[in-house]
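**Q** Have a look at this one before I ask anything.
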Amino acid sequence: MKEEEEGPPNRELYALLHISPEASDEEIRKAYRQWAQVYHPDKYQAPHMKDTATENFQRICQAYEILSDENKRKIYDIYGMEGLTSGLELGTKLNKAEELKEELERLRKLKEQEKVSAHFRPSGTILANMSLPHLLHGHGIMRGMAMTSSVQSQISKHNTLSIGGNLAVNGNSGGGAATIVFGHRLSSVSSIEFIGSAGLRSLIGVQTSRNISSHLTATMGLSMSLRDGSLNLSNTWVRQLSETASGNIQLALGSDSAVSVGWRKKNQKLSAAGELKCGIDSFAASAHYNHRFSSKSHGRIVGKIGSNALEVEVGGGRKLSNFSTVRMLYSIGIQGIFWKFELHRGGQKLIIPILLSRHLDPVFAAGAFIIPTSVYFVLKKFVLKPYYLKREKQKALENKEKTSAQVLEARAAADKAQKLLQNVANRKTNKQLEIGGLVITKALYGNLKALKKRDEPVESNDSPVIDVKLPLNFLVSDSGQLQLHEGVKKSGIMGFCDPCPGEPKQLYVEYTYGDGRYEVTVDDYDKLVIPQEEHRI
């Protein structure tokens with residue numbers, strides 16, 4: 001994915017004036033006046049300095065002209081500079097009316113397509129059960145198969161419709177069902193669903209949900225079987241325990257009466273869940289733990305125990321693309337020893353459990369775990385990792401060659417802009433040193449991997465990192481604070497540039513405040529407010 005797709009678009013002009021995308025008209029005027037004083041050409045006598053000031057002053061004026069005009073600002077926020085230069089800024093003017101009409105129609109159709117895609121969500125699962133013992137006994141490797149599929153559509157602002165079905169075959173028996181669910185949002189805190197299902201478990205039902213408070217949600221459901229007329233009642237309470245954890249209690253009354261208690265926790269690095277379920281003559285407990293090792297790989301441990309289950313599952317997965325993930329899992333329990341392969345793409349899943357043996361032989365169980373694990377790590381170290389590194393290096397080189405002229409030009413412009421900021425930045429730094437205020441001692445912006453080697457010099461034009469200490473010191477307020485706005489790409493800030501187009505970037509800052517030393521690293525579009533005590537070294 002290109003970097004431009006990873007963050008909010010069309011924010012360069014906000015970065016240039018150093019204002020928030022939600023800035024008021026008065027804040028825009030104030031920012032323009034401040035920058036116009038810095039870059040006004042009449043302030044400089046040397047020809048090269050006057051030329052640089054004129055160039056940046058024109059950029060400031062252009063940014064102000066667009067953001068201070070309500071219509072132009074709306075067009076820019078949605079379509080960027082391309083929208084302004086394609087004729088959309090003409091408004092109701094008659095010249096180029098046909099081009100304007102065509103462009104508006106194209107953008108309208110594009111938005112309609114995006115809207116349909118967002119409101120039409122298909123999902124499905126294919127489960128293919130395989131058995132090595134069956135194959136060895138001449139019965140074929142397939143021992144069963146199941147498929148589920150559903151499509152959910154947002155048919156109006158408050159109504160959704162979901163249509164789905166499932167089929168299952170196990171040996172010489174099988175079955176299936178078709179389900180339709182109509183959901184209606186009654187208010188901002190409550191909703192209702194009507195459910196109908198035809199097949200082996202034909203039923204009709206209704207379910208309603210309500211947010212009792214900002215941390216508590218209650219759901220009640222009632223269903224009736226069309227085969228024997230039996231009723232089933234369910235009641236579920238979900239409580240938000242913290243920002244990352246929630247708990248739930250469910251009571252089910254009917255043919256499958258049971259009480260279950262569950263807990264779930266999820267953050268960027270790990271997710272964990274547990275459930276205890278007690279029914280008539282049965283009980284079950286399970287625990288799930290997932291840990292994210294990196295943005296592309298994760299590990300998984302699952303344990304299950306109950307009247308009909310005793311199982312441990314371990315394994316991991318890797319993200320192949322923005323939409324695809326593959327997993328390999330190893331399972332051992334009273335039902336036997338399994339390998340399980342999973343492919344997730346979008347809302348679709350392909351799951352293939354392979355039964356290796358029904359006998360829990362320790363040697364076979366150890367071999368079934370160690371052999372594929374060893375093969376994976378050998379392949380990863382000697383085949384996959386070198387291949388991906390080579391491919392990434394090749395892409396980086398191609399991108400560098402393609403953008404080298406652009407980067408050189410941007411670096412030169414940033415260097416010129418920094419020279420005009422230097423005197424004011426030095427005065428601000430000296431003032432902050434006198435009062436023990438905020439002083440930026442080091443600031444680097446650029447490629448994530450290169451920032452880890454931040455002790456290396458960055459003066460080279462080939463470096464994927466740029467020194468931005470001077471412009472950040474210029475942006476320090478008289479009260480000794482620095483704020484960079486959220487949702488604004490930092491390469492657009494005056495004195496910055498993009499040293500590695502197409503690659504993810506971060507900003508690393510070292511600073512002093514009072515008698516303390518601090519450091520912080522933030523992503524390209526993240527908000528930065530310093531000083532903060534949590535940054536102390």
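The values are calculated or read from the model by the stated rules, or taken from the named source; none is laboratory data. Source: prediction; values computed, not measured. Here the Cβ is made from the backbone with ideal geometry for all residues, glycine too, and neighbour counts use every protein chain on show. Heavy atoms of the whole protein, side chains included, go into the accessibility calculation; ligands, DNA and RNA do not. Shrake-Rupley method; radii C 1.70, N 1.55, O 1.52, S 1.80 Å.
**Q** Go through (1) modelled with pLDDT of 90 or more; (2) among the hydrophobic types (A, V, I, L, M, F, W, C); (3) under 30 Å from T208 (Cβ atoms); (4) exposed (fewer than 15 other Cβ atoms within 10 Å of the Cβ) and name the single condition A273 misses.
**A** Exception for A273: condition (4).
**Q** Now a separate question. Here are the criteria: (1) at pLDDT below 95; (2) farther than 27 Å from T373 by Cβ; (3) of a type in the set (A, V, I, L, M, F, W, C). Tell me which single one V206 does not satisfy.
**A** (1)
**Q** Another question, then. Before we move on, is A168 of a type in the set (G, A, S) and open to solvent by 50 Å² or more (accessible area, probe 1.4 Å)?
**A** Criteria not met by A168.
**Q** Go through A425, A450 for me and flag whichever is open to solvent by less than 40 Å² (accessible area, probe 1.4 Å), more than 26 Å from T403 (Cβ to Cβ) and part of a helix (DSSP H, G or I). Spell out how you get there, then give the answer.
**A** On the way: A450 fails: more than 26 Å from T403 (Cβ to Cβ).
A425 is the lone residue from the list that is open to solvent by less than 40 Å² (accessible area, probe 1.4 Å), more than 26 Å from T403 (Cβ to Cβ) and part of a helix (DSSP H, G or I).
**Q** Continuing with this model, one more query. Filter region 20-45 down to the residues that are over 36 Å from the mean Cα position of the chain (by Cα) and of a type in the set (F, W, Y), then identify the one that is nearest to L420 (Cα to Cα).
**A** Y39
**Q** For region 203-219, what are the residues that are over 32 Å from the mean Cα position of the chain (by Cα) and surrounded by fewer than 16 Cβ atoms within 10 Å (Cβ to Cβ)? Full working, then the answer.
**A** Taking region 203-219 and keeping what is over 32 Å from the mean Cα position of the chain (by Cα), we get 203-206.
Passing the criteria: I204, V206.
**Q** Something else now. Only one residue in G254, G229 is on the phi > 0 side of the Ramachandran plot and surrounded by 15 or more Cβ atoms within 10 Å (Cβ to Cβ), so which one is that? Spell out how you get there, then give the answer.
**A** Details: G229 fails: surrounded by 15 or more Cβ atoms within 10 Å (Cβ to Cβ).
Only one candidate qualifies: G254.
**Q** Still on this structure, I have one more. For region 232-246: of the residues being under 24 Å from Q268 (Cβ atoms) and not hydroxyl-bearing (S, T, Y), which is surrounded by the most Cβ atoms within 10 Å (Cβ to Cβ)? Talk me through it step by step, then tell me what you get.
**A** Kept after step one, since they are under 24 Å from Q268 (Cβ atoms), are these residues of region 232-246: 238-246.
Now drop any that are not not hydroxyl-bearing (S, T, Y), which leaves 238-241, 243, 245.
On the way: V238: 19, R239: 15, Q240: 14, L241: 12, E243: 7, A245: 14.
Among those that are under 24 Å from Q268 (Cβ atoms) and not hydroxyl-bearing (S, T, Y), it is V238.
**Q** Test each condition in (1) part of a loop (DSSP other than H, G, I, E, B); (2) at pLDDT 90 or above; (3) closer than 30 Å to G336 by Cα for G140 and report the one that comes out false.
**A** (2)
**Q** Could I ask something else about it? From the list L360, L350, exactly one residue is surrounded by fewer than 14 Cβ atoms within 10 Å (Cβ to Cβ) and out of contact with any Pro (no Cβ under 6 Å at 6 or more places or on another chain). Which is it?
**A** Details: L350 fails: surrounded by fewer than 14 Cβ atoms within 10 Å (Cβ to Cβ).
Testing whether each residue is surrounded by fewer than 14 Cβ atoms within 10 Å (Cβ to Cβ) and out of contact with any Pro (no Cβ under 6 Å at 6 or more places or on another chain) leaves just L360.
**Q** Among the numbered criteria (1) open to solvent by less than 10 Å² (accessible area, probe 1.4 Å); (2) in contact (Cβ under 8 Å) with a residue 40 or more places away in the chain; (3) over 13 Å from G446 (Cβ atoms); (4) not in a strand (DSSP E or B), which one does N473 miss?
**A** Among (1) open to solvent by less than 10 Å² (accessible area, probe 1.4 Å); (2) in contact (Cβ under 8 Å) with a residue 40 or more places away in the chain; (3) over 13 Å from G446 (Cβ atoms); (4) not in a strand (DSSP E or B), the lone unmet condition for N473 is (1).
**Q** Check N322 against each of (1) free of Cβ contacts under 8 Å to residues at least 60 places away in the same chain; (2) surrounded by fewer than 16 Cβ atoms within 10 Å (Cβ to Cβ) and name the one condition it does not meet.
**A** For N322, the exception is condition (1).
**Q** Sticking with this one: Select from region 238-253 the residues that are touching a strand residue (DSSP E or B) at 6+ places or on another chain (Cβ under 7 Å) and within 13 Å of L216 (Cα to Cα) and list them in ascending order. Let's see the steps before the verdict.
**A** The first filter runs over region 238-253 and keeps only residues touching a strand residue (DSSP E or B) at 6+ places or on another chain (Cβ under 7 Å), leaving 238-241, 244-253.
Passing the criteria: V238, R239, Q240, L241, A245, S246, G247, N248, I249.
**Q** Can you list residue pairs whose Cβ atoms sit under 6 Å apart, with the first residue in region 12-23 being touching a residue at least 40 places away in the same chain (Cβ under 8 Å) and the second being part of a helix (DSSP H, G or I) and open to solvent by 20 Å² or more (accessible area, probe 1.4 Å)? Count only pairs 6 or more apart in sequence or on different chains.
**A** Close Cβ pairs satisfying both conditions: I19/E27.
**Q** Go through region 509-532 and report how many residues are part of a strand (DSSP E or B), open to solvent by 60 Å² or more (accessible area, probe 1.4 Å) and under 19 Å from A450 (Cβ atoms).
**A** Of region 509-532, the ones part of a strand (DSSP E or B) are 509-513, 516-523, 528-530.
Cutting the leftovers down to open to solvent by 60 Å² or more (accessible area, probe 1.4 Å) gives us 513, 517, 519, 521, 523.
The next check asks that each one be under 19 Å from A450 (Cβ atoms); those that pass are 519, 521, 523.
Selection size over region 509-532: 3.
Per-residue answers, yes or no, for (1) closer than 28 Å to G247 by Cβ; (2) in a strand (DSSP E or B); (3) out of contact with any Leu (no Cβ under 8 Å at 6 or more places or on another chain):
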site: V151; (1), (2), (3): no, yes, yes
site: G164; (1), (2), (3): no, yes, yes
site: A168; (1), (2), (3): no, yes, yes
site: S191; (1), (2), (3): yes, yes, yes
site: I195; (1), (2), (3): yes, yes, no
site: I204; (1), (2), (3): no, yes, no
site: S209; (1), (2), (3): yes, yes, yes
site: T219; (1), (2), (3): yes, yes, yes
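**Q** From the list F369, F341, F364, which one is out of contact with any helix residue (DSSP H, G or I) (no Cβ under 6 Å at 6 or more places or on another chain), in a strand (DSSP E or B) and either touching a residue at least 24 places away in the same chain (Cβ under 8 Å) or over 30 Å from Y511 (Cβ atoms) (or both)? Give the derivation first.
**A** Numbers: F369 fails: in a strand (DSSP E or B); F364 fails: in a strand (DSSP E or B).
Answer to the selection: F341.
**Q** Follow-up. Condition (residue is in contact with a strand residue (DSSP E or B) (Cβ under 6 Å, 6 or more places away or on another chain), buried (at least 23 other Cβ atoms within 10 Å of the Cβ) and not aromatic (F, W, Y)) applied to region 476-486: is it met by at least one residue? Before the answer, list the steps.
**A** Initially, region 476-486 is screened for residues in contact with a strand residue (DSSP E or B) (Cβ under 6 Å, 6 or more places away or on another chain), giving 476, 480, 482-484.
Within this subset, residues satisfying the condition of being buried (at least 23 other Cβ atoms within 10 Å of the Cβ) are none.
So far as region 476-486 goes, no, none of its residues is in contact with a strand residue (DSSP E or B) (Cβ under 6 Å, 6 or more places away or on another chain), buried (at least 23 other Cβ atoms within 10 Å of the Cβ) and not aromatic (F, W, Y).
**Q** A follow-up question, please. May I ask you to list pairs of residues, at least six apart or on different chains, whose Cβ atoms are under 8 Å apart, with the first in region 380-399 being among the aliphatic types (A, V, I, L, M) and the second being open to solvent by less than 90 Å² (accessible area, probe 1.4 Å) and not in a helix (DSSP H, G or I)?
**A** A396/E503
**Q** Let me confirm something: among K442, K402, K419, which residue is open to solvent by 10 Å² or more (accessible area, probe 1.4 Å), within 33 Å of the chain's Cα centre (by Cα) and in contact (Cβ under 8 Å) with a residue 24 or more places away in the chain?
**A** Details: K402 fails: in contact (Cβ under 8 Å) with a residue 24 or more places away in the chain; K419 fails: within 33 Å of the chain's Cα centre (by Cα).
After ruling out the rest, the residue left standing is K442.
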